[in-house]
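Taking it in order: structure first as structure tokens, then the write-up.
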Amino acid sequence: VLLKRSRGGLLCTVDDAFDEWLQVEGNPDLEGIKLGFALLDEVLKPGITPGQVFVLLAKTGVGKSIFAMNIFHRMVTMQPDKKILFLSLEQTRGEWFERARRIHKFYDPWATEKDTIELYRNKLMIVDKNKVTPQEMENILDQFAETAGRQPDFCVVDYLGYWARGFKGESYE
């Protein structure tokens, strides 16, 4: 064990892998965040866990933002204790609300604008600035924790391409 640690610990055994697997996938008590789509939740068992990054990739215009907003709707309906931070770097807060209102009316045709406000109140906060620096992201997370009483359970950046443009270096990086 000491030799393994002294050399940087890059080599691990099957037992090490099993121990790590038990902490997440093999842990029946671990409850991740469910996205509200049965097939997707089944594949992502136990759900999205703290610190895990979930990247949704697809061509422009196929509905990634609308899919994310449907996830928000299902989350606030099925897991109302979860707190969501949405960094909408391409749509304004008004555009978000219009989409959220339409999605809410899809699930509940009698829902009013007031119902949509109540559905998301104290569960979701939005940032609609199209370029956010790493320092601003830290400030946003601090402000979220101060306002909501804790860090977000689920954070969505829509979309990462805009965020990446704020960094120096090659576009691939």
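The values are calculated or read from the model by the stated rules, or taken from the named source; none is laboratory data. The structure displayed is predicted, hence computed values, not measured ones. Cβ atoms come from the backbone with ideal geometry, glycine included; neighbour counts cover every protein chain shown. Ligands, DNA and RNA are excluded from the accessible area calculation, which covers all protein heavy atoms including side chains. Shrake-Rupley method; radii C 1.70, N 1.55, O 1.52, S 1.80 Å.
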- request: Could you tell me the accessible area of K82 in Å² (1.4 Å probe, neighbours in place), rounded to the nearest ten?
  value: 40
message: Taking 30 Å as R0, compute the FRET efficiency from the Cβ-Cβ separation of T13 and V53 and round it to 0.05.
response: 0.70
query: Along the Cα-to-C-beta direction of D108, a point sits 7 Å from the Cα; which residues of region 33-49 have their amide N less than 11 Å from that point?
result: none
- prompt: Once you charge only the Cβ atoms, +1 for Lys and Arg and -1 for Asp and Glu, what is the size of the charge dipole of region 32-81 about its Cα centre, to the nearest 20 debye?
  reply: 180
message: Just want the answer: with Cβ charges of +1 for Lys and Arg and -1 for Asp and Glu, which residue in L87, Q135, P109 is farthest toward the dipole's positive end in region 72-142?
response: P109
field: Members of K34/K131; K45/K114; K45/K123; K34/K59 lying beyond 26 Å, as alpha-carbon distances in this model show
entry: K34/K131; K45/K114
- request: Counting only C-alpha contacts under 8 Å and six or more residues apart, can you give the relative contact order of region 32-139 as a whole percent?
  value: 27
statement: Quick note, region 29-157: a/c under 1.5 would make it rounded; otherwise a/b > b/c is prolate and the rest oblate (a ≥ b ≥ c, C-alpha gyration tensor); here it is rounded
message: As I understand it, the dipole of region 2-131 uses +1 on the Cβ of Lys and Arg and -1 on the Cβ of Asp and Glu, about the Cα centre. Which of G63, P28, L119 lies farthest toward its positive end?
response: G63
field: Accessible heavy-atom area order of M125, M137, M78, M69, highest first, probe of 1.4 Å
entry: M78, M125, M137, M69
